[in-house]
Amino acid sequence: MIHPEKEQENIYMQNRELSWLKFNERVLEEAHDETVPLYERLKFISIFASNLDEFYMIRVGSLTDIALIEKDNVDNKTGMSPLEQMERIFENTVSLYKRKDKIYSQVENKLREFKICNLELSELENFEEKYIKKYYEDFILPVLSPQVIDSRHPFPHLTNKGLYIICVFSGENTKFGLIPISQSLPDFVLLPGNQTRYILTEKIVLPYTQKIFEMYKVESVSIISVTRNADISPEDEIFEVDDDFRERMKKVLKKRAKLSPVRLEVQGHLSKSLSNFLLDKLDLKKEQIFTSASPLVMNYVYDLLEKIPILLKKQLNYPVFERGYPANLKSTESITSQCWKKDILLHFPYHQMDPFLHLLKESAQDTNVISIKITIYRLSRNSRIIDYLCTAAENNKEVTVLMELKARFDEKNNIEWAERLEDAGCNVIYGFEGFKVHSKICLITRRDKNKIQYITQIGTGNYNEKTAKLYTDLSLITANQEIGQEANEFFKNMSISNLKGNYNHLLVAPYSFKNNVLALMDREIEKAMNGQAAEIIIKSNSLTDKEIINKLSEASCAGVKVRLLIRGICCLLPEIPGKTDNITVYSIVGRFLEHSRIYCFGNRDDANMKMYISSADMMTRNTSRRVELGCPILDEDIRNEILHILDIMFTDNVKARLLRSNSTYKKIDAAGQNSFDSQQYFIEEIVKTQTDNTSPKQNPGILEKLINTITRKHG
């Protein structure tokens, strides 16, 4: 419940966890959307499931810890205690499981029309039964480790998100049996033949349960999976004084799999006796048991895709498009020389990451380059960036890498990368106790004719070649020397653990980012109160920072037009009379994950409009507990290009939803309008620029009419 004393004060705010569940519901809606290619719909179910896994591991895990040690800790937006928040989470999760199961069944039935069949053993043909029986005997049975649970065989540790078959014995002192599904086994077995017929490994083992426990009478069988708290905060751990940070992180990773359970998922019937037994052993409440008719682990979806015939794969998935270069760049010319002439903006995934990679490669070989400095948060498994940094170090250039070892679930990768970089001669430094380094910045320093020159790259997303094909992000490459000097100052401050540096252009968290953002909002408020046109546009993954939410409400009350593009969590509720009347909140969930952060203060006709791209979301953790960067967009052409991107997104009436004052989202009513999918528009736009070298602003098509129509309709 929302506490009465908070109701009036925070009437325009909602709980972040419940808002996140609504975001994941929007992901699930994509799986229900019949205009989405069929196999992509199955992927969205898998994404929904993995999102929910991480939510329980991190957010519910965190609430569980807080409930144990800080019982009086309440949500500063709704006044809800941790236990109250968890009650609401569990309640809302039940309906999400039901919806997921229904959509999964619909998608699976449609896939069968294309001979892609997820089978039960009872559906197998005779020759398939023989094949599976032999496969079980040759490959599965040898690695099974069944056990009974009794006074001499205690209840074992169940690994996080591991699959287990659990059974109840009747008429025995020994009541239960357990069969772990070994992680060495494949997720599914493809059946012989021309069709894509397969069976999940846990379903193969299930009917053999009685034979495995042949000395007992099996009464019932279920598949279970435990989700464990994975919200480890390394800065709160106590370590040996003489351990270095990298070794400490290795110890933290070993602890992650052993943390307390926060959820139990069940496929099949769970008897009352078994349910009570598991609740006792896992220290869970009955509200933390969730029954699912669909698979408990859906990682198989991506491996299965590789088994589908190519022509069918093309039919059932999004069409492949060729990512390109920006229209004002020439792929045959040096990126270094081109960025001296003009700032460069890359818009992923529509643009390739190659221009930045080429810049690094050129710099690694360039005799005028004396140093390369970069922050790294997440990388792909096969990172060319690491190769070029190592090459630069081997070519006697000073290479400094600020590596964040606490990038959640990427810690192991980052430890391995750090060791390789050090072996190549790079200077690897790490983040700060209590502050993750989440900024995305690369500084290339050159000496030309005894003059120091800088090339700076600042982005909204990670240096990850894989996610650059899946996430929308912006990457600025600039030879602006004032930006370069501040970037150099930033790296100098990071190397001496100074988080309180002074910057004129860059917004740097944790000490100056939020204050500057609030000041820029105050500027718009003052303009509105003086009768001038005032506007704030924020594109962010999430909005949870209470100070920023309060300031946006203040801006709304002053008459500032506020437009927000918030993909995920949004704790601000729009359209609340006298509080957020002038605020519109959009969310776009589609083929690509909207990840770029853009902040605009002032409308496009304002000569003093301030525009930034940033690594930071408008969340307290980003503004106050991380090292983040915001970079001003000073080049007029790039500013117009980003405004063009925003125009396109605010025009979307296919994948966009509008947040309402009651915390629900609704799709935009496109009646009487042409359907307009912003991500599809960008795909078509980049294809067109590659074929006829037309710049975006010369290719409006129906865009102007749509913008005018929707602007009139939604303000």
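Computed from the coordinates by the stated procedures, all read-outs in this text should not be read as laboratory data. Please read these numbers as outputs of a predicted model, since none were measured by experiment. No Cβ is skipped: glycine too gets one built from the backbone with ideal geometry, and neighbour counts run over all protein chains shown.
Assorted remarks:
- Spin-label model, Asn413/Asp280: points 7 Å from Cα along the beta carbon direction are separated by 4.3 nm.
- Fewest-first ranking of Leu68, Leu111, Leu200, using other Cβ atoms within 10 Å as the exposure measure: Leu68, Leu111, Leu200
- Full-extension gain in nm, Leu38 to Ala293, via 0.36 nm per residue minus C-alpha separation: 89.8 nm
- Against the rule of thumb 2.2 N^0.38 Å, how large the Cα Rg of segment 495-583 comes out: 1.19
- Volume of the convex hull of the chain (Cα atoms only), normalised per residue: 184 Å³.
- Computed E for Lys134/Val94 - FRET, C-beta separation, R0 35 angstrom, nearest 0.05: 0.30
- Span-rule helices in the chain, defined as complete DSSP H runs reaching 20 Å or more along the axis (Cα) with Kyte mean at least 0.0: 38-55, 636-651
- Residues with amide H under 5 Å from that of Glu219, placed H, sequence gap 5 or more: Val168, Phe169, Ser170
- Residue separation of Val687 and Gln147 scaled by 0.36 nm, minus their Cα-Cα distance, works out to 188.6 nm of gained length.
- GluC sites (Glu not before Pro) restricted to segment 421-528 and DSSP loop, no more than 14 other C-beta within 10 Å: Glu433
- The calculated 222 nm mean residue ellipticity attributable to helices in the chain amounts to -11500 deg cm²/dmol, summing -39500 (n - 2.57) over DSSP H runs of n ≥ 4 and dividing by all residues.
- Tail beyond 23 Å, pair distance distribution of segment 440-539 (Cα, percent): 45 percent
- Cross-link partners of Lys500 among lysines, defined as those whose alpha carbon lies under 20 angstrom from its own and excluding same-chain residues fewer than eight positions apart: Lys373, Lys436, Lys440, Lys492, Lys514.
- For segment 4-316, the Rg and Dmax computed from alpha carbons only, in angstrom: 21.8, 68
- Going by neighbour counts of Cβ atoms within 10 Å, the residues Tyr665, Tyr377 line up, fewest first, as Tyr665, Tyr377.
- When you restrict to C-alpha pairs under 8 Å that are six or more residues apart and normalise by the size of the chain, the relative contact order lands at 11 percent.
- Rg/Rh for segment 540-694 stands at 0.97; both radii use Cα atoms, and Rh follows the Kirkwood definition.
- Per-peptide average of other Cβ atoms within 10 Å, ordering 640-650, 270-280 highest first: 640-650, 270-280
- Normalised by 2.2 N^0.38 Å, where N counts its residues, the alpha-carbon radius of gyration of segment 335-495 equals 0.97.
- Qualifying trypsin sites (Lys or Arg not before Pro) in segment 119-195, where qualification requires a DSSP coil assignment and no more than 10 other C-beta atoms within 10 Å, comprise Arg152.
- Gain on full stretching of the segment that runs from Lys102 to Lys449 - 0.36 nm per residue minus C-alpha separation: 118.1 nm
- Within segment 344-383, the trypsin sites (Lys or Arg not before Pro) that combine a DSSP coil assignment with at most 11 other C-beta atoms in a 10 angstrom radius are Arg381.
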